[in-house]
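K.L.:
Structure incoming, see below.
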Amino acid sequence: MPATPHNPAKSATAANQSKLFVQSIDKAMKVLTAFDGSRRQLSLSEIAKLTGVGISAAQRFTYTLSALGYLRKEANSQYELSPRLLSFGNHYLSSNELVSRAAPLLQQLALSVEEATNLTVLDGDEIVFVSRFISRHSLFPAVQVGSRLPAFCTAPGLAMLATLDAASAQQLLEQSDLRQHSVHTMTDIGQITQRLQQIRSCGYALTREEYFLGDISTAAAITDTHGRAIGAINVAIARSRWQDEHDQARIAEQVMDVARALSQPRKR
């Protein structure tokens, strides 16, 4: 199952009412995000349809983005993303203090458990993978740095949601797309709220095949001085390799240790 594509329209809905909002930038970003990974190339008419702009506007935006090096126009008049876009991700990763601090601990954890380990952050109602160490046992190599998944049914997302106050967590769940990603996905807000209370009590989140079938994930939140999540560490293990209570206690302890080492001291 592919990772959820990011929809920038969610965050732009309220902001675009302001006179400070630059509509042309919004439209340019819509052109770039139309390439969501489901297709490598798009025609001008397909870009216009996906973004909701007219053909003439789409032509101007694709020409400008191509001139700036962010799009490529192929001989068949199809457009595709340019590698230059990777520079934005690289700038984020190289300037992010948490990513830098977490890297050696995440790698050490990966070597210890011999499973995939990840650092994610919360962005709206989604988690974003910002660092990832895979193992020879990894089930889902398609999940990469930059991939997004819904927070409500993933262990890192639930671990981070559990650090929010009740009202903030409720609001985020209400704006989430609570769809059934697998037969194990919990979509009832009341049940998810109870689950968050349990996570707060035990200090970690555990999901079993709730987004990816065959995947068991254990996560703990990295918190700031106010106890709110600034990220989460998780270990993902294939169900065929999971040894129930032995692995649950072993993995949870190591994940929480790393999360505590990266968390900021709480203000008293």
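The values are calculated or read from the model by the stated rules, or taken from the named source; none is laboratory data. Only a predicted model underlies this, so the values are computations on that prediction, with no experimental measurement involved. Methodologically, a virtual Cβ is constructed for each residue, glycine included, from the backbone with ideal geometry; neighbour enumeration extends over all protein chains shown.
K.L.:
Restrict the check to segment 160-171 and report whether at least one residue is of a type in the set (Asp, Glu) and touching a residue at least 60 places away in the same chain (Cβ under 8 Å). Give the steps one after another, and end with the answer.
P.N.:
Kept after step one, since they are of a type in the set (Asp, Glu), are these residues of segment 160-171: 165.
Adding the requirement that they be touching a residue at least 60 places away in the same chain (Cβ under 8 Å) leaves none.
No, segment 160-171 has no match at all.
K.L.:
Still on this structure, I have one more. Which condition number does residue 158 fail, the rest of (1) outside any helix (DSSP H, G or I); (2) over 26 Å from residue 28 (Cβ atoms) being met?
P.N.:
Unmet condition: (1).
K.L.:
Give the number of residues within segment 54-67 that are in contact with a Ser or Thr (Cβ under 9 Å, 6 or more places away or on another chain) and under 23 Å from residue 146 (Cβ atoms).
P.N.:
3
K.L.:
Looking at the structure I just gave you, is residue 193 part of a helix (DSSP H, G or I), farther than 24 Å from residue 251 by Cβ and in the same structural domain as residue 239 (by TED's automatic domain parsing)? Lay out the reasoning, then the answer.
P.N.:
Details: part of a helix (DSSP H, G or I): yes; farther than 24 Å from residue 251 by Cβ: yes; in the same structural domain as residue 239 (by TED's automatic domain parsing): yes.
When the stated conditions are applied, residue 193 passes them.
K.L.:
Oh, and also: Got a number for residues in segment 226-268 being surrounded by 12 or more Cβ atoms within 10 Å (Cβ to Cβ) and either closer than 16 Å to residue 156 by Cα or of a type in the set (Ser, Thr, Tyr) (or both)? Quick ask: steps written out before the conclusion?
P.N.:
So in segment 226-268, the residues surrounded by 12 or more Cβ atoms within 10 Å (Cβ to Cβ) come out as 227-239, 241-242, 247-248, 250-264.
Now drop any that are not either closer than 16 Å to residue 156 by Cα or of a type in the set (Ser, Thr, Tyr) (or both), which leaves 227-237, 248, 251-260, 262-263.
Qualifying residue count, segment 226-268: 24.
K.L.:
Something else: Filter segment 203-240 down to residues that are outside any strand (DSSP E or B) and under 18 Å from residue 148 (Cα atoms), then give me how many there are. Steps first, answer last, please.
P.N.:
Start the filter on segment 203-240 by keeping residues that are outside any strand (DSSP E or B), which leaves 203-204, 209-214, 224-228, 239-240.
Filter once more, keeping what is under 18 Å from residue 148 (Cα atoms): 209-213.
Result for segment 203-240: 5.
K.L.:
Suppose the filter is touching an Asp or Glu at 6+ places or on another chain (Cβ under 9 Å) and at negative phi; does residue 239 pass it?
P.N.:
On the way: touching an Asp or Glu at 6+ places or on another chain (Cβ under 9 Å): yes; at negative phi: yes.
Against the criterion (touching an Asp or Glu at 6+ places or on another chain (Cβ under 9 Å) and at negative phi), residue 239 qualifies.
K.L.:
While we're looking at this one, here's another question. Just checking, does segment 75-97 include any residue being part of a helix (DSSP H, G or I), in contact (Cβ under 8 Å) with a residue 60 or more places away in the chain, under 22 Å from residue 149 (Cα atoms) and under 17 Å from the mean Cα position of the chain (by Cα)? Explain how you work it out, then say what you get.
P.N.:
Filtering segment 75-97 down to residues part of a helix (DSSP H, G or I) leaves 83-95, 97.
Next, only the ones that are in contact (Cβ under 8 Å) with a residue 60 or more places away in the chain stay: none.
No, that holds for no residue.
K.L.:
Regarding residue 45, is this residue assigned to a helix (DSSP H, G or I), at pLDDT 90 or above and surrounded by fewer than 12 Cβ atoms within 10 Å (Cβ to Cβ)?
P.N.:
Values: assigned to a helix (DSSP H, G or I): yes; at pLDDT 90 or above: yes; surrounded by fewer than 12 Cβ atoms within 10 Å (Cβ to Cβ): yes.
Yes.
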